[in-house]
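Undergrad: Please see the structure below; I have some questions.
The values are calculated or read from the model by the stated rules, or taken from the named source; none is laboratory data. Every value quoted in this text rests on a predicted model; they were computed, and no experiment measured them. Note: areas computed on protein heavy atoms with side chains; ligands, DNA, RNA excluded. Shrake-Rupley method; radii C 1.70, N 1.55, O 1.52, S 1.80 Å.
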Amino acid sequence: MIWICLCMVAGTAGCTAIGFGDVRYADGDLQVTVDNPSGAVNGTVQVTVFETRDLKQTEVAKIARAETLPAGTTTLTFPIDLSPGDYKIYLYFMKGTERTVSVIKDIQV
């Protein structure tokens, strides 16, 4: 019986983590989908944008702001002016000083 309980806990351990979904750019806004399967959580969302060209990355923007993420799926909007090209979007979620989520997404504008 104890093994069944341990297996259930181990199997669901990663299911309560915040995750970043789709990232889109439209009309001067970077739209980032955030999935929060648990209750509301306070933290800081940081978005760092790098343009990738000629095998180099150049930072073009860094935005960090406090957010209260409700349970479920939320789309956050970050105003930013991006020229046509290829970009890497570094997404972080932090609780206090601890980085709890870190994801890199590629987009083309």
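Undergrad: In deg cm²/dmol, rounded to 500, what helix-only [θ] at 222 nm does the chain give when every DSSP H run of at least 4 residues adds -39500 (n - 2.57) and the total is split over its residues?
TA: Values: 1 runs with 11 residues, N = 109.
It lands at -3000 deg cm²/dmol.
Undergrad: What are the aspartates and glutamates whose alpha-carbon lies under 19 Å from the alpha-carbon of K56, with same-chain residues fewer than 8 places away excluded?
TA: Candidates past the 8-residue exclusion: D86, D106.
Undergrad: Something else about it: Percentage of Cα-Cα pair distances in the chain greater than 18 Å, rounded to whole percent?
TA: Working: 3145 of 5886 pairs.
For the chain, the share of Cα pairs beyond 18 Å comes to 53 percent.
Undergrad: So, with a 1.4 angstrom probe, what is the percent of accessible area on the chain that is carbon and sulfur?
TA: Values: 3690 of 6850 Å².
Of the solvent-accessible surface of the chain, carbon and sulfur hold 54 percent.
Undergrad: Sticking with this one: Would you please give the residues with an amide H less than 5 Å from that of V41, counting only those at least 5 places away or on a separate chain, with H modeled from the backbone geometry?
TA: L69
Undergrad: Using alpha carbons only, how many degrees (0 to 90, rounded to 10) separate the axis of helix 2-12 from the longest principal axis of the chain?
TA: Here the helix axis deviates by roughly 10 degrees.
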